[in-house]
2 protein chains.
Amino acid sequence: MSSPSLDIVAIGDAIVDVIATCDEAFLEAHRLPKGSMQLLAPEAAERLYADMGSARETSGGSAANTMAGVAAMGGAAAFIGQTADDQLGKIFAHDMHALGVRFETPPLGEGSPPTGRCLILVTPDAQRTMNTSPGASHELTANRLDEALIRSAAIIYLEGYLWGPERPRAAMERAVAIAHAAGRKVAFTLSESVCIVGRKEGFARMIDSGGVDLLFANQDEVFQLTGRTDFDSALAELSVKVPTLVVTRGHAGATALENGERIDIPAAPLTKLVDTTGAGDLFAAGFLTARCKGFDLQRQLWTGAIAAAEVISHFGARPEADLKKLVAL
Amino acid sequence: MSSPSLDIVAIGDAIVDVIATCDEAFLEAHRLPKGSMQLLAPEAAERLYADMGSARETSGGSAANTMAGVAAMGGAAAFIGQTADDQLGKIFAHDMHALGVRFETPPLGEGSPPTGRCLILVTPDAQRTMNTSPGASHELTANRLDEALIRSAAIIYLEGYLWGPERPRAAMERAVAIAHAAGRKVAFTLSESVCIVGRKEGFARMIDSGGVDLLFANQDEVFQLTGRTDFDSALAELSVKVPTLVVTRGHAGATALENGERIDIPAAPLTKLVDTTGAGDLFAAGFLTARCKGFDLQRQLWTGAIAAAEVISHFGARPEADLKKLVAL
């Protein structure tokens, strides 16, 4: 097997975020559970958008944000995700390329759903409530995967949000097979959506069969996936199934388990807290970049924490500060 | 004549801003004079966009920003401008409506140029260099004006950038006639572009014939329009032609002349300086809102200065803070 020419290739939603602030009453009036992500049908998205305040748009998508972060920290990253041939799709592609992320998935042609959007409502406490109209991003199919690209990366990184819809999930399962056949590692981020009833079983099978080498999750997701309510026992259950387990716990820090070693770190110091969108995405970016550059588990966690702290200090889920300098790998 | 039901209706470019940071070397390599605005043909815009960094998108357009500011400060505002029936046009319209600005110009149909974009490059000194691909916004024609809307506003506000192209200029001239026939006032912001050779004469004729009741300009524009290099004598020349003259001078503050009275104010205190895009637009917004609410000339200037200081403290030319509270009219 040839050695990898890329650090990481990700498969995820290709999404443009539409970010507005709102108050708690707005979330209540629209019955949106604060901090959650829900999928919206196009009409529901139009209705919510019409009610939302004036917005700013930035490229988003969970795994895409992670690749943006990896590239910003000096890692060699690529992204596979489905856009449409429209203005938002061009914005998404431009931002990927401008950050140095290899992104070559051709946009869908005439008649496809539009490029996906996520209507993000940020409350004064900096919590984000996400309302995704996935559009073209859920049209990703296995035959659109660039197999050579997948084989060329040391790690393939899969986004749980895209595990929900059938065709992208099949594409991801195919990607896992390609990566493992090439001797590469598979990283997966739970993104809460795999925990939804009906999707969890297939994911549990993949974990049980050794499909996941590195699992990213937050504490809630770990509880949902294991059905446990005690952190340590939930960790214990999962860590026998995945060689590397990384769990973020918001302001309580983060924990990694690998080869019988457990490391806990506190959250990185915050200069300010504006919008928590992208915290998990950038944590994964920092962790993976430090990992690919050969740093130890503790440093991997810290790099994740620093990258996450930067992204929550401003609106938008892509880094704005000079992350490379900030993490000093 | 009936009394106006709206404070201000503006005619201007309907534009979505695409904002990225860059260094001085980037501007030099692309031969872009820092601080300027240039019009780009679609191909040139594509080339520049491809070279630009990862961007954020916000609704823009000079007069549209001003109306956004007026509405944010509690004024009753409307906007007339041309979009296309595309994703950026929908973003522009959404943001106007979300801010409470009446905006009903129907988008152009099939085959029209896309909604206009402005590629804005912000250097570390917070200066913005604007590269406008005007698209549909330059397709505004006189027959698309809502005459009843124009008659319903106390002030019509015209953007100099849109004075350049022939058809929008004709639309503006028609709007001036409608407004004056209804006993309304005409405000005009120079936006540098009327100073360009070949456009200046028509504008000078309009001023000389009493077409402009309130002129907004910055110091450079006043020098270009009068051909003078001394501020006081340039002011003296212009002030006999326009009943109200308002000149912004960046960090040197602002000056207004009206009915033989001259007031100078310093710039408002700055908390931080991030991106100067929209400073003049929001200055006009503050000035006009205070004016429509019946405050004196000094307070009009100060309200402009406070609104301008807010908009340059962050990326994007639309207010983010609670302007209404900030200006406390």
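The values are calculated or read from the model by the stated rules, or taken from the named source; none is laboratory data. Everything numeric in this text was worked out from a predicted model, so none of it was measured. Virtual Cβ from ideal backbone geometry, glycine too; neighbours counted across all protein chains shown.
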**OP:** Report the residue count in region A:193-231 for those that are over 19 Å from A:L257 (Cα atoms), among the β-branched types (V, I, T) and surrounded by fewer than 15 Cβ atoms within 10 Å (Cβ to Cβ).
**Re:** 2
**OP:** With the checklist (1) assigned to a helix (DSSP H, G or I); (2) crowded, with 21+ Cβ neighbours inside 10 Å; (3) free of Cβ contacts under 8 Å to residues at least 40 places away in the same chain in hand, flag the one item B:R167 doesn't pass.
**Re:** (2)
**OP:** Search region A:181-212 for residues being of a type in the set (S, T, Y) and at pLDDT 85 or above, and hand back the single one that is farthest from A:A77 (Cα to Cα).
**Re:** A:S209
Subject >> Failed criterion for A:A78 (all others in (1) under 24 Å from A:K324 (Cβ atoms); (2) away from chain B (no Cβ under 12 Å); (3) in a helix (DSSP H, G or I) hold) >> reply: (3)
**OP:** Please indicate, with yes or no, whether at least one residue in region B:258-273 is farther than 19 Å from B:V186 by Cβ, crowded, with 17+ Cβ neighbours inside 10 Å and not aliphatic (A, V, I, L, M).
**Re:** no
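Any idea how many residues of region A:131-147 are buried (at least 23 other Cβ atoms within 10 Å of the Cβ) and either in a loop (DSSP other than H, G, I, E, B) or of a type in the set (A, V, I, L, M, F, W, C) (or both)? Spell out how you get there, then give the answer.
From region A:131-147, those buried (at least 23 other Cβ atoms within 10 Å of the Cβ) are A:132-137, A:140; that's our starting set.
Of the ones still in play, those that are also either in a loop (DSSP other than H, G, I, E, B) or of a type in the set (A, V, I, L, M, F, W, C) (or both) are A:134, A:136, A:140.
Matching residues across region A:131-147 total 3.
Residue-wise test of (1) within 18 Å of B:P134 (Cα to Cα); (2) free of Cβ contacts under 8 Å to residues at least 60 places away in the same chain.
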position: B:F79; (1), (2): yes, no
position: B:G89; (1), (2): yes, no
position: B:A93; (1), (2): yes, yes
position: B:H97; (1), (2): no, yes
position: B:G100; (1), (2): no, yes
position: B:T105; (1), (2): yes, no
position: B:G111; (1), (2): yes, yes
Original post:
Out of the residues in region A:88-120 that are within 11 Å of another protein chain (Cβ to nearest Cβ) and small (G, A, S), which is surrounded by the most Cβ atoms within 10 Å (Cβ to Cβ)?
Top reply: A:G89
Original post:
Out of curiosity, is B:N131 under 28 Å from A:A321 (Cβ atoms) and either away from chain A (no Cβ under 13 Å) or in contact with a Pro (Cβ under 8 Å, 6 or more places away or on another chain) (or both)?
Top reply: yes
**OP:** Please specify each residue of region B:280-299 satisfying the condition of being surrounded by fewer than 21 Cβ atoms within 10 Å (Cβ to Cβ) and not in a loop (DSSP other than H, G, I, E, B).
**Re:** B:L297, B:Q298, B:R299
Subject >> Residues being charged (D, E, K, R) and not in a loop (DSSP other than H, G, I, E, B) - total across region B:220-274 >> reply: 8
**OP:** Run down A:I150, A:I120, A:I155 and say which single residue is among the β-branched types (V, I, T), at pLDDT 95 or above and assigned to a helix (DSSP H, G or I).
**Re:** A:I150
**OP:** Evaluate region A:239-250: report whether one residue or more is in contact with a strand residue (DSSP E or B) (Cβ under 6 Å, 6 or more places away or on another chain) and modelled with pLDDT under 95.
**Re:** yes
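Out of all the residues in region A:182-192, which are in contact (Cβ under 8 Å) with a residue 40 or more places away in the chain, within 25 Å of A:D7 (Cβ to Cβ) and surrounded by fewer than 21 Cβ atoms within 10 Å (Cβ to Cβ)?
Residues of region A:182-192 in contact (Cβ under 8 Å) with a residue 40 or more places away in the chain: A:182-184, A:187, A:189, A:191-192.
So of that shortlist, the ones also within 25 Å of A:D7 (Cβ to Cβ) come out as A:182-184, A:187, A:189, A:191.
Selection gives A:A182, A:G183.
Here are some residues: B:E28, B:E24, B:E46. Which one is surrounded by fewer than 24 Cβ atoms within 10 Å (Cβ to Cβ), within 12 Å of chain A (Cβ to nearest Cβ) and not small (G, A, S)? It would help to see each step written out before you state the result.
Numbers: B:E28 fails: within 12 Å of chain A (Cβ to nearest Cβ); B:E24 fails: within 12 Å of chain A (Cβ to nearest Cβ).
Checking each option against the conditions leaves just B:E46.
For (1) within 14 Å of another protein chain (Cβ to nearest Cβ); (2) touching a Lys or Arg at 6+ places or on another chain (Cβ under 8 Å); (3) in a strand (DSSP E or B), each residue gets a yes or a no:
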site	(1), (2), (3)
B:A64	yes, no, no
B:A68	yes, yes, no
B:A71	yes, no, no
B:G74	no, yes, no
**OP:** State all residues of region A:5-52 that are within 28 Å of B:P319 (Cα to Cα) and assigned to a strand (DSSP E or B); if no residue qualifies, say none.
**Re:** A:I15, A:V16, A:D17, A:V18, A:I19, A:A20, A:T21, A:M37
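I want to confirm something. Restricting to region B:49-62 and keeping residues that are within 12 Å of chain A (Cβ to nearest Cβ) and hydroxyl-bearing (S, T, Y), which single residue is surrounded by the fewest Cβ atoms within 10 Å (Cβ to Cβ)? Even if it seems obvious, please write down each step before you answer.
Pass one, region B:49-62, residues within 12 Å of chain A (Cβ to nearest Cβ): B:49-60.
If we keep only those that are hydroxyl-bearing (S, T, Y) as well, we get B:49, B:54, B:58-59.
Values: B:Y49: 20, B:S54: 23, B:T58: 26, B:S59: 27.
Within region B:49-62, the match that is surrounded by the fewest Cβ atoms within 10 Å (Cβ to Cβ) is B:Y49.
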